[in-house]
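Please read the structure below before turning to the comments.
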Amino acid sequence: FEQTDGTKQEQQGEVINQGREDESIVVRGSFSWVGPDGVTYKVTYIADTNGYQPEIEEGPGGAVPPAVVASLLG
């Protein structure tokens, strides 16, 4: 789904090794949002027998920190 504020989420699951003793569920998905700093953050993940394994990305956007602006201005 996607909300009007830019928040997005998607996921899908599947049963692997169905009918076997080692049957399990794998879930893959992602969610993203725009933080108060204007930066888009995205988490892509897989959850399986090895646990929750996220990969986090920080996208473009956001303000330049005041200290950086001050150093550029001299």
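Each value in this text was obtained by applying a stated rule to the coordinates, not by laboratory testing. What you see is a predicted model, and the numbers here were worked out from it, not measured in a lab. Here Cβ is always computed from backbone atoms with ideal geometry, including for glycine, and neighbour counts include all displayed protein chains.
Check the range 24-44 and report whether any residue there is out of contact with any Gly (no Cβ under 7 Å at 6 or more places or on another chain) and over 20 Å from Thr7 (Cα atoms). Steps first, please.
Taking the range 24-44 first, the residues out of contact with any Gly (no Cβ under 7 Å at 6 or more places or on another chain) are 24, 28-32, 35-36, 43-44.
So of that shortlist, the ones also over 20 Å from Thr7 (Cα atoms) come out as 24.
Yes, the range 24-44 contains a residue that is out of contact with any Gly (no Cβ under 7 Å at 6 or more places or on another chain) and over 20 Å from Thr7 (Cα atoms).
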Checklist outcome for this item: Residue pairs qualifying under the 9 Å Cβ cut-off, at least six apart or on distinct chains, with the first in the range 35-53 being under 15 Å from Ile16 (Cα atoms) and the second being part of a loop (DSSP other than H, G, I, E, B), are Thr49/Asp22
